[in-house]
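Notes for the one structure printed next.
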Amino acid sequence: MIQYAHCIVLLCGKEGIPIYDWLLHVLQEEYEQIRVMKESSRGSVRLIQHKATGQKFILHDFAGNAEVYRKLLDYTCPYLPTVYEVAQKDGKNLVLEEFIQGDTLGFLLQDTLFSTEETRKIAIQVCRALWVLHSIGAVHRDVKPENIILRGSEAVLIDFDAARFHKPEHESDTQILGTTGFAAPEQYGLSQSDIRTDIYAMGILINVMLTGEHPSKKLAEGKMGRIVDRCTHVNPQRRYKNVLRLMEAL
């Protein structure tokens, strides 16, 4: 029995039943869908609600590798959503995750830009989230405004469906994932993505928050522009070594 805040989910009440089947049963019986947040050929992200308590959660239902979600079961960070449960069966995954209440940067950027100080604060918080991921050997690979939610004064980095663990023995990624404009050159098969791939995306993010444009069209002015320029070098070795160095620069 695992308790999630105000709701209780029974995961192993019958000996021999895989956790995936139990979780699927509990989700069908005790939860209701509010809406589909995202859907693709790989799977879906849905907002669900516990019928008895009304508490909301995010449910990821997708095919592929859920190893990063599974590792995050052991970590808590104010700038990352809490992962409550991960179940896998025959290549299919169910991930129950904290629902973050707030607006995405993507939504906010439709109507406004951010000041230098606001951008600096948000970027540092996202870097702290990335530091947790990078410390366990994972790369997010899809840092973008739509994957950052402002929860009050906190920026929360979400969606680890494209995340993967860095594997030094591989020359390139086994699957090309990411968002055009934010994906680093190595994500297109030039080499394997690593922590500097997320730093590249951070540079794009910072520039978009300040100017509303990709740095190739309009580079931010002053020191922030120089930070963006270093983050987005085509050669990963010329970017910041890690997010701690980027935080120092910010």
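Taking the conditions (1) closer than 21 Å to Asn65 by Cα; (2) assigned by TED's automatic domain parsing to the domain that holds Ala183 in turn, Lys89 satisfies each one other than (2).
Per-residue answers, yes or no, for (1) free of Cβ contacts under 8 Å to residues at least 40 places away in the same chain; (2) more than 20 Å from Arg35 (Cα to Cα):
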site: Lys71; (1), (2): no, yes
site: Cys77; (1), (2): no, yes
site: Asp90; (1), (2): yes, yes
site: Phe99; (1), (2): no, no
site: Thr104; (1), (2): no, no
site: Leu109; (1), (2): no, yes
site: Glu117; (1), (2): yes, yes
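The residue list Val139, Val86 contains one member that is in contact with a helix residue (DSSP H, G or I) (Cβ under 6 Å, 6 or more places away or on another chain) and free of Cβ contacts under 8 Å to residues at least 24 places away in the same chain, which is Val86. Kindly evaluate Tyr75 against the criterion of being surrounded by fewer than 16 Cβ atoms within 10 Å (Cβ to Cβ), of a type in the set (Phe, Trp, Tyr) and more than 16 Å from Ile19 (Cα to Cα). So Tyr75 passes the test. What about Ala123, is it assigned to a strand (DSSP E or B) and touching a residue at least 60 places away in the same chain (Cβ under 8 Å)? When the stated conditions are applied, Ala123 does not pass them. Listed by first and then second residue, the pairs linking a residue in region 44-66 that is assigned to a strand (DSSP E or B) to a residue that is among the aromatic types (Phe, Trp, Tyr), with Cβ atoms under 7 Å apart and 6 or more places separating them unless they lie on different chains, are Leu47/Phe99; Ile48/Tyr31; Ile48/Phe57; Gln49/Tyr31; His50/Tyr31; Lys56/Phe99; Phe57/Phe99; Ile58/Phe99.
Output the residues belonging to region 231-249 that are crowded, with 16+ Cβ neighbours inside 10 Å and more than 23 Å from Ile136 (Cβ to Cβ).
Across region 231-249, the qualifying residues are Thr232, His233.
The values are calculated or read from the model by the stated rules, or taken from the named source; none is laboratory data. What you see is a predicted model; the values in this text were computed from it and never measured. Using ideal geometry, Cβ is built from the backbone for each residue, glycine included, and neighbour counts are taken over all protein chains shown.
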